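Input: a single structure, listed below in C-alpha cells.
The values are calculated or read from the model by the stated rules, or taken from the named source; none is laboratory data. Since we're looking at a predicted model, the values are computed, not measured. Glycine gets a Cβ as well: all are built from the backbone with ideal geometry, and neighbour counts include every protein chain shown. Please note that ligands, DNA and RNA were not included when accessible areas were found on the heavy atoms of the full protein model with its side chains. Shrake-Rupley method; radii C 1.70, N 1.55, O 1.52, S 1.80 Å.
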Amino acid sequence: MRTFSKSLAGAIMALGLVASPVLSADVQDQETLAARVSEHSPAKEAYIKDRPILGWTLSGNRLQDIPEPIRDVLGSTDATKYDDAYVAANKGSIVALQMRKDGPDFYIIGKETFDGKYSVVALEEVAAKNSRLMERLLPEVKAMYDARADGLVGALKTVPVDMIRVSAIGYPTDAPLTIQAPWGEQSKPEGQDAFLVWDTGENQYYMVNQDENGLPISYIPAN
C-alpha cells in the first residue's frame, strides 16, 4: 500500500504544477470519483455522530510519537497508511480511537476538520454516553483511559455530515473498492456498501465504511 506525502503534494501545488500521486492500477482516483458523482447525481444523506469518542492528541511530528498500541493498528480498518508528513501537518488534531464489533477503527482526523467540527469533552462523558466503545476498547488503550494518560481526550463531532453511498455512483457492493484519499488509499471489503464524504479542507473525497447495522461507522441519521 503506497502512502501519500501531503508535504510533497503541497510543494508541487505551490509550484503551479499538475501532478497525481502514484496509485495502484485498481485504485479509483479523485478525478474518477468526481466524474462518477457528476454522472449519477446521487442523493446526499445527512449523518451525525451519536456519541462522543476517545482521541489521542497529536503533539509530535512523527508516527513514532504516537503510542505503540495506537500506532500498530492505526488505519487498519480501511488499509490506510500514514506518513510522518501527514502526522506533522495535522499536529494538534487527534487520532480517533473508535471500535467496531470486529476490532479497532483508529484514524487521524484532519486538523481543519477537528478544529471546525469537533468539541473536546470530558473523558467521563465518553464513559457515560459511549459504553459500547468502552466495552470494546483494546486492553492497552483501556489501561491508558484508567490512568487518565496525558494526551487522551474525549471528542464529539457537532455538525451533520453529508455522505454519498458508493453504490449510488455505480460501484457494486459485492466487489471490494479502493480509493485515493487525502492521506493515501482507503478500501472497503466486498459484500458491503460504503460512504463518500467531501473533505472541504483537502478538496477531496474520503471514505467511511459501514458498521454492522449498515450505517457509516459511529454515525446515525441526522433526521
Just one of (1) touching a Ser or Thr at 6+ places or on another chain (Cβ under 8 Å); (2) surrounded by fewer than 17 Cβ atoms within 10 Å (Cβ to Cβ); (3) on the phi > 0 side of the Ramachandran plot trips up Thr173, so point out which. (3)
Matching residues in the range 146-189 (in contact with a His (Cβ under 8 Å, 6 or more places away or on another chain) and part of a helix (DSSP H, G or I)) number 2
Every residue from the range 124-141 that is within 21 Å of the chain's Cα centre (by Cα) and either outside any helix (DSSP H, G or I) or within 18 Å of Val95 (Cβ to Cβ) (or both): Val126, Asn130, Leu133, Met134, Arg136, Leu137, Leu138, Val141
Give the residue that is least open to solvent (accessible area, probe 1.4 Å), with candidates limited to residues of the range 33-65 that are within 30 Å of Asp146 (Cβ to Cβ) and polar (S, T, N, Q). Thr57
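With the structure loaded, tell me whether Ala88 is modelled with pLDDT of 95 or more, in a helix (DSSP H, G or I), open to solvent by 50 Å² or more (accessible area, probe 1.4 Å) and out of contact with any helix residue (DSSP H, G or I) (no Cβ under 7 Å at 6 or more places or on another chain) or whether it fails that test. It would help to see each step written out before you state the result.
On the way: modelled with pLDDT of 95 or more: yes; in a helix (DSSP H, G or I): yes; open to solvent by 50 Å² or more (accessible area, probe 1.4 Å): no; out of contact with any helix residue (DSSP H, G or I) (no Cβ under 7 Å at 6 or more places or on another chain): yes.
Judged against the criteria, Ala88 is not a match.
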